[in-house]
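The values are calculated or read from the model by the stated rules, or taken from the named source; none is laboratory data. Every value quoted in this text rests on a predicted model; they were computed, and no experiment measured them. No Cβ is skipped: glycine too gets one built from the backbone with ideal geometry, and neighbour counts run over all protein chains shown. These accessible areas exclude ligands, DNA and RNA; they are computed on the full protein's heavy atoms, side chains included. Shrake-Rupley method; radii C 1.70, N 1.55, O 1.52, S 1.80 Å.
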Amino acid sequence: MNIKQALKQKNKLVSEIKDLYAKFNTYNSFEDGQERPYDPQELYNQWLNKTNELITLKTSIHVANSPIFGLIFRMSELKTLSKGLRALNTLSGKKNDPYGRGEATLHNAVIGVVDRDVIVKRMEDEIESIQEQLDKFNATTNI
């Protein structure tokens, strides 16, 4: 199985684990005399088994990804930087008091809106390039 397939399997296991826990939580406590559609002990055992399966799979993915950790971390941090820059206040020039109570104030941004957009575009281009490298690695690397 390649990393791409393993990541899909991981997501499937996470979903199954959530479902098993929800059922276990719902049917763990019940009123005496009521019939249960699921056996809580069996649900608990399945929940633990699927969790152990997920741990093993995540460990295998992690080990297989070790050659590209730098790219993974770089992409993550570039996304964080890009998000922060998109929210950056780039107000420059006069700004009037919205309530008309005072004089206009003068604002100066170190990084203006145009510069910010150029920087964000460069980051997004690099993110896209890294994602392509990761996709190729994930499709060709077996665990």
Handout entry: Flag for THR90 being out of contact with any Leu (no Cβ under 7 Å at 6 or more places or on another chain), among the hydroxyl-bearing types (Ser, Thr, Tyr) and in contact (Cβ under 8 Å) with a residue 24 or more places away in the chain
Key = yes
Fill in the blank from the handout: Within region 120-142, the residues that are open to solvent by 70 Å² or more (accessible area, probe 1.4 Å) and touching a residue at least 12 places away in the same chain (Cβ under 8 Å) are GLN133, ASP135, THR140, ASN142
Handout entry: Residues of region 31-76 satisfying the condition of being among the polar types (S, T, N, Q), more than 19 Å from TYR21 (Cα to Cα) and open to solvent by less than 70 Å² (accessible area, probe 1.4 Å)
Key = SER60, ASN65, SER66, SER76
Handout entry: Filtered residue count, region 1-26, keeping only those that are out of contact with any Leu (no Cβ under 7 Å at 6 or more places or on another chain) and free of Cβ contacts under 8 Å to residues at least 40 places away in the same chain
Key = 12
Handout entry: Counted residues, region 80-119 - those being open to solvent by less than 90 Å² (accessible area, probe 1.4 Å), part of a helix (DSSP H, G or I) and either in contact with a helix residue (DSSP H, G or I) (Cβ under 6 Å, 6 or more places away or on another chain) or among the aliphatic types (A, V, I, L, M) (or both)
Key = 6
